[in-house]
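**Q** I am attaching a structure below and will ask some questions about it afterwards.
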Amino acid sequence: MLKKIAVADLRLGMHLHAMCGAWLEHPFWKTKFVLRDPSDLQKLRGSPVQEVWIDVSKGVDVVAPEPTGVAPRRDARPAATAPAAPAAAPVSAPPERDTLAGELQRATALVNQSRQALSSMFSEARMGRALDTEKCLPLVDEIASSVWRNPGAFVSLARLKTHDDYTYMHSMAVCALMVSLGRQLGLDESQSREVGLAGMLHDMGKAAMPLEVLNKPGKLTDAEFEIMKAHPRRGFEMLEEGKAVGEITLDVCLHHHERPDGKGYPDRLSGDALTRVARMGAVCDVYDAITSNRPYKSGWDPAESIAKMASWSGQFDTEVFQAFVRSLGIYPIGSLVRMRSGKLGVVVEQNERSLVAPKVKLFFSTRSNMPIAVELVDLSAPGCSDAIAARESNAQWKFPHLDELWAGPEALRRIGRA
């Protein structure tokens, strides 16, 4: 059962379900948790948030006495002694890192939840209804938390799209990529939320594009491309009209197709006129687009995409792109690689200490031209004698099971890709 109460009435042991007010003013990484740490209660009381929702089925009700150890505000009830709450890590800290396998279990459910919410929002926008962007805020929180636990899980899953859900999955993927890139660039929690929201809403203008152009199963003509080039400005106008997002989201929406060399659109910005967040949006948008399957072409291999993007002079900000590579790895999850031993493998997890020594699942021998028993190899492990010799393109090999090797059949089934 949910109850809306004043922050002054909060007590330790209450389950915080949601915070009212401006989302970016929230003092915590997540909003749903049991208040157990006195410093967290003080932090919330000192924030601009005035009211919150609590779930009394998961925590203390409003009539419960407050444990000692927290100085009440003047308008709060007197503190009383209560049993000590179980010890817990400060909830305001970013989530602890998890393995790829562990995070994939959470990420699959989150992918489906996000896809449904974004599909609904795009549909409402297409019908001319005002955008309710606040629906995105809990999703951005969840995606950001997933990225902090393991950057590769959600980012990699969101890359697995079909034509029917490309727009929604692309928005999810760019959200996760922006959070991951922001983390690499040293953004704090609030800033990470904001760039994540910008990534999620950057393509809202596509809801105003003609369906026969947006969903065309082949390559666009020059005239159709000119129509699609209007989507950044239309998205900006839709978001500005809704008055529920900040300048960063508006900037990324309008300028994610700009280029530092001035050859982008819609305003052909260059130099200092192009903000860092717009440059971030450009990198994340292009990477997810070129690694995704489209009706008229198959997506490029992740490592191949990184290499191609690095070769496109003038298209991306150098500092931002280098940070992007560090956030994903030179060989992102899902990359097909050739080893010095002649074996082929797929990258399944990054190594934070070395961009060139990820964990790889070996499954094929180029010497015998035959499959081999799948072997998981940590290239950073002491005594490992093998190493990555080169990137490979699956456009040549056409292995049908690469995604299953890194994600597992259960994860693919749960997101409808198996």
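The values are calculated or read from the model by the stated rules, or taken from the named source; none is laboratory data. Owing to the predicted nature of the structure, the values given are computational and were not obtained by experimental measurement. In this analysis, Cβ positions are derived from the backbone assuming ideal geometry, glycine residues included, and neighbour counts consider all displayed protein chains.
**Q** Restricting to the range 363-380, what's the tally of residues that are over 29 Å from the mean Cα position of the chain (by Cα) and either in a loop (DSSP other than H, G, I, E, B) or over 21 Å from ILE330 (Cα atoms) (or both)? Let's see the steps before the verdict.
**A** First, pick out the residues of the range 363-380 that are over 29 Å from the mean Cα position of the chain (by Cα): 363-375.
Still in the list and also either in a loop (DSSP other than H, G, I, E, B) or over 21 Å from ILE330 (Cα atoms) (or both): 364-375.
Residues meeting the conditions: 12.
**Q** Condition first: of a type in the set (Phe, Trp, Tyr), under 27 Å from the mean Cα position of the chain (by Cα), at pLDDT 85 or above and surrounded by 15 or more Cβ atoms within 10 Å (Cβ to Cβ). Can you find one or more residues in the range 49-70 that meet it?
**A** Of all residues in the range 49-70, those of a type in the set (Phe, Trp, Tyr) come to 53.
The next check asks that each one be under 27 Å from the mean Cα position of the chain (by Cα); those that pass are 53.
Those still in the list that are at pLDDT 85 or above too: none.
No, because not a single residue in the range 49-70 is of a type in the set (Phe, Trp, Tyr), under 27 Å from the mean Cα position of the chain (by Cα), at pLDDT 85 or above and surrounded by 15 or more Cβ atoms within 10 Å (Cβ to Cβ).
**Q** How many residues, within the range 331-347, are crowded, with 20+ Cβ neighbours inside 10 Å and either in a loop (DSSP other than H, G, I, E, B) or at pLDDT below 95 (or both)?
**A** Of the residues in that region, 5 qualify.
**Q** Looking at PHE316, PHE321, can you tell me which residue is of a type outside the set (Val, Ile, Thr), at pLDDT 95 or above, part of a loop (DSSP other than H, G, I, E, B) and under 30 Å from ALA278 (Cα atoms)?
**A** Working: PHE321 fails: part of a loop (DSSP other than H, G, I, E, B).
Criteria check complete, one pass: PHE316.
**Q** Is the range 388-402 home to any residue that is loosely packed, with under 14 Cβ neighbours inside 10 Å, polar (S, T, N, Q) and either free of Cβ contacts under 8 Å to residues at least 40 places away in the same chain or in a strand (DSSP E or B) (or both)?
**A** yes
**Q** Would it be correct to say that TYR168 is under 26 Å from GLY416 (Cβ atoms) and of a type in the set (Phe, Trp, Tyr)?
**A** Details: under 26 Å from GLY416 (Cβ atoms): yes; of a type in the set (Phe, Trp, Tyr): yes.
Judged against the criteria, TYR168 is a match.
**Q** Additional query: Which of (1) of a type outside the set (Asp, Glu); (2) modelled with pLDDT under 95; (3) over 17 Å from the mean Cα position of the chain (by Cα) is the odd one out, the single condition SER292 does not satisfy?
**A** SER292 satisfies every listed condition except (3).
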